[in-house]
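Notes follow once the structure below has been shown.
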Amino acid sequence: MDNCEQGTASFIEIESLLRTVEEAKKGLDYEVGTLISRNGVVLKEYHGGAHYISTPEADLPLFEGNIFTHNHPSGRCFTQEDILRFIRDRLREVRVSTPKGIVFSLKEGEGEINRSIANVMKEENIGSYIHAAHLMNERQLDLTGTEYQVKLFDIMGNEVDEWLTQNAQEFGYIYSKGEL
Ligand SMILES: [Zn+2]
């Protein structure tokens with residue numbers, strides 16, 4: 001029946017809610033995660049640190065089938081951990097927004113989906129700290145301190161971005177990036 005969708009927000013309304021929520025995080029120097037239901041209702045907000053957010057185990061049932069959007073003050077793409085959690089939490093969509101207003105999104109497609117995507121990424125060392133450190137060694141990037149860390153995390157973020165661009169579809173997911 002057509003009216004089974006009554007009382008739920010339209011695609012446009014959810015997009016506009018996401019935009020408002022993500023816009024408000026542009027100036028933050030710490031991560032905030034917002035859990036939004038598939039009907040476009042803000043369920044919960046989580047405050048984290050500069051590079052992390054933790055969500056309590058007890059909240060897991062709230063995540064299934066819903067949308068989780070969080071900001072990366074660093075401006076980088078998803079981490080490997082973000083993708084592992086996306087699968088563990090059985091979300092419909094995970095998003096990252098940046099201070100410059102870029103939004104990365106990974107969501108379930110319409111067809112069959114293959115949840116092994118996160119494990120495959122992990123097995124292939126995509127976005128792994130140790131792997132990035134190896135690459136830096138190989139490339140003989142002679143950096144120290146903060147410069148070293150920044151470059152390392154850049155490599156990790158770029159790896160995840162490139163891998164998802166090439167492979168997400170094969171697992172039934174839609175990966176996209178765009179501007180707020
Ligand atoms: Zn993240």
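The values are calculated or read from the model by the stated rules, or taken from the named source; none is laboratory data. This one's a predicted model, so the numbers in the text were calculated from it and none came from an experiment. Every residue, glycine as well, gets a Cβ built from its backbone with ideal geometry; the counts of neighbours run over all protein chains shown.
Okay, here's what the table says:
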{"item": "Check on Ser128, hydroxyl-bearing (Ser, Thr, Tyr), at pLDDT 95 or above, more than 15 Å from the chain's Cα centre (by Cα) and within 22 Å of His51 (Cα to Cα)", "result": "yes"}
{"item": "Within segment 16-61, considering residues that are part of a strand (DSSP E or B) and surrounded by 14 or more Cβ atoms within 10 Å (Cβ to Cβ), the one nearest to the ligand (Cβ to nearest atom)", "result": "Gly33"}
{"item": "Residues that are of a type in the set (Val, Ile, Thr) and within 9 Å of the ligand (Cβ to nearest atom), drawn from segment 62-82", "result": "Thr79"}
{"item": "Search result, residues across segment 148-180 that are modelled with pLDDT under 95 and among the hydroxyl-bearing types (Ser, Thr, Tyr)", "result": "Tyr148"}
{"item": "Enumerated strands (runs of 3 or more DSSP E) restricted to segment 83-180, each holding at least 1 residues that are touching a His at 6+ places or on another chain (Cβ under 9 Å)", "result": "93-97, 102-108"}
{"item": "Some residue of segment 34-57 being closer than 30 Å to Ala132 by Cα and of a type in the set (Asp, Glu)", "result": "yes"}
